[in-house]
Amino acid sequence: MDSVLPPVTALLPVLVLAFTGLALLLVDTIRPDARSNTSSAVVAALGSLVALGSTVWLVAGGTGGADAGGAIYLFADAIKVDTMALFFTAIFASVTSLVVVAAHDYFHDHDDPAAFYSLVIFAATGMTLLAVSNSLAVLFVALEMVSLPSYVLVAFFKKNRGSVEAGMKYFLVGALSSAIFLFGISLVYAATGSLILSDVGDAMGSLDGLVGVAGLGIVMIVGGVAFKTASVPFHFWAPEAYEGAPAPVSAFLSSASKAAGFVVAFRLFTEAFPVGASLAADINWVLAFGILAAVTMTLGNFAAAVQEEVKRMLAYSSIGHAGYALIGVAALSADGSGNGAVMGAAMAHLLVYGFMNTGAFLFVAMAERWGVGRTFEDYAGLARRAPVASTAMAVFMFSLAGLPPFAGFFSKYFLFMGAIDNGFLWLAAFGAVNSVISLYYYSRVVKALFIDDPESSSSLDAVDVRPTALYAAVVFAAVATVLLLPGFGPVIETAEAAASALF
């Protein structure tokens, strides 16, 4: 970044999203009696795209990179802008852009659609603040900035019993997990005497008689991270919330919010609780994450395989993918030789996952808009009326399954190879077997779309294939997933460079 610019310029994506959220409130205030769906969607889309553009500009300028002097610290080191923070910010901004564009059509007949856009943008603001947090206090506040709008978004259909029930369950479990996470932070602070991540990491080598206090705090923090990433055994809120929420909200939570949970995990367990110091203090969180990863991917995939509703299948599928991404933490080694590669591969997988999973949920949103139903059988023959969107869904399914030559295959390949290189062959084997299992239920969607016959010729009459914003968002997500194939080299290199800087 140009040295003429002030350091606070590194926070441009966060500031853009924050001001966009405020602008949405202003637009809705100026025209309270008018349905401001289009104007709100335009403001939200422009804001998220500007945030994405500013993130790309900062990365291109070398902001936070080793060649440009390293990370930028702000506000008494409570904020840290580095390449990893910008990488995750790009994921958040990309998913947010797709969701708000698709929401224009999904909420076309809603009484107050402007509230949706402001809630999504404010949640995205919290996610970007999470990515740059360098203090346990700032991290917790940012986490709540993500959580509070998310509870409302899940229960956005106030007259729909399923939506309200899902929002209430999500809120109750989320409040409990936040309390546990905060208690863990307080115990870590009591043991180390600091909230700044690097200072906490330095204090981990001299805990003396406070090892038990720090260990209990870390266990609680692991629980908070597991909830945010929908990992076993804190996963049970996810299927209920994703199924009851509006489909664009499910796309947002399962992609962007999940990535936000992982940026917390990657930041905490490399800087605040480094592997070597933690193992020296007899705090083996690596083993805990290894077990979490194996159980999460296995339970998620087996549960997804027995679902009859596509949306609920995708919900359990997202739990399985949380298990894959957890390998980025679970396969870290004490010597640090291959840590950058495995964590970088997990970051690259989350980027690919952001496009393909968001696109899959947005296709479900389109099916809900068409009124064709929720089960696999209801999707039968849809490719005849909507061939482009159905082809896009097939791309998402094959990429999520990890089939070559789709981007999901390459991200999983580098992730599993990183685990093997660090000596975690058993973890890579779990991932490979679960990827094979996932092919069964992903292929059911493709089979229904392209091979199965609809129950009646009139069941597809309501399908509207006009090039609406929702349709365009699905197609764009598919195009982005395909374009990641030739561009995966630079993506994995950037991710590995960002991860390596943490060790």
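The values are calculated or read from the model by the stated rules, or taken from the named source; none is laboratory data. Not measured: the values here are computed from a predicted model. Note that we place each Cβ from the backbone using ideal geometry, even for glycine, and neighbour counts take in every protein chain shown.
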Q) What number of residues within the range 304-331 satisfy the criterion of being touching a His at 6+ places or on another chain (Cβ under 9 Å) and under 13 Å from Ala230 (Cβ atoms)? A) 6
Q) Do we have Gly276 as within 20 Å of the chain's Cα centre (by Cα) and not in a loop (DSSP other than H, G, I, E, B) here? A) no
Q: Pick out, from the range 422-503, the helices (runs of 4 or more DSSP H) lying fully within it that include 1 or more residues that are surrounded by fewer than 21 Cβ atoms within 10 Å (Cβ to Cβ) and at pLDDT below 80.
A: 488-500
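So which of Gly64, Gly47, Gly69 ends up being modelled with pLDDT under 90 and either touching a Cys at 6+ places or on another chain (Cβ under 9 Å) or crowded, with 24+ Cβ neighbours inside 10 Å (or both)? Write out each step before concluding.
Details: Gly47 fails: modelled with pLDDT under 90; Gly69 fails: either touching a Cys at 6+ places or on another chain (Cβ under 9 Å) or crowded, with 24+ Cβ neighbours inside 10 Å (or both).
Just one listed residue meets the conditions, Gly64.
For the range 67-95, which positions are touching a helix residue (DSSP H, G or I) at 6+ places or on another chain (Cβ under 9 Å) and not in a helix (DSSP H, G or I)? Step through it out loud before you land on a result.
Within the range 67-95, the subset touching a helix residue (DSSP H, G or I) at 6+ places or on another chain (Cβ under 9 Å) is 71-75, 77-95.
The answer is Ala71, Ile72, Tyr73, Leu74, Phe75, Asp77, Ala78, Ile79, Lys80, Val81, Asp82.
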Q: Out of Ala123, Ala137, report the one residue that is farther than 22 Å from Ala472 by Cβ, surrounded by fewer than 24 Cβ atoms within 10 Å (Cβ to Cβ) and either within 14 Å of the chain's Cα centre (by Cα) or touching a residue at least 24 places away in the same chain (Cβ under 8 Å) (or both).
A: Ala137
Q | Residue among Val232, Val200 that is part of a helix (DSSP H, G or I) and either without any contact (Cβ under 8 Å) to a residue 40 or more places away in the chain or buried (at least 18 other Cβ atoms within 10 Å of the Cβ) (or both) | A | Val200
**Q.** Matching residues, the range 184-212, being within 23 Å of Phe75 (Cα to Cα) and of a type in the set (Val, Ile, Thr)
**A.** Ile185, Val188, Thr192, Ile196, Val200
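Scan the range 143-163 for residues that are farther than 12 Å from Ser250 by Cα and either hydroxyl-bearing (Ser, Thr, Tyr) or free of Cβ contacts under 8 Å to residues at least 60 places away in the same chain (or both) and jot them down. Talk me through it step by step, then tell me what you get.
Filtering the range 143-163 down to residues farther than 12 Å from Ser250 by Cα leaves 143-149, 152, 157-162.
Glu144, Met145, Ser147, Leu148, Pro149, Val152, Lys158, Lys159, Arg161 - these are the residues of the range 143-163 that are farther than 12 Å from Ser250 by Cα and either hydroxyl-bearing (Ser, Thr, Tyr) or free of Cβ contacts under 8 Å to residues at least 60 places away in the same chain (or both).
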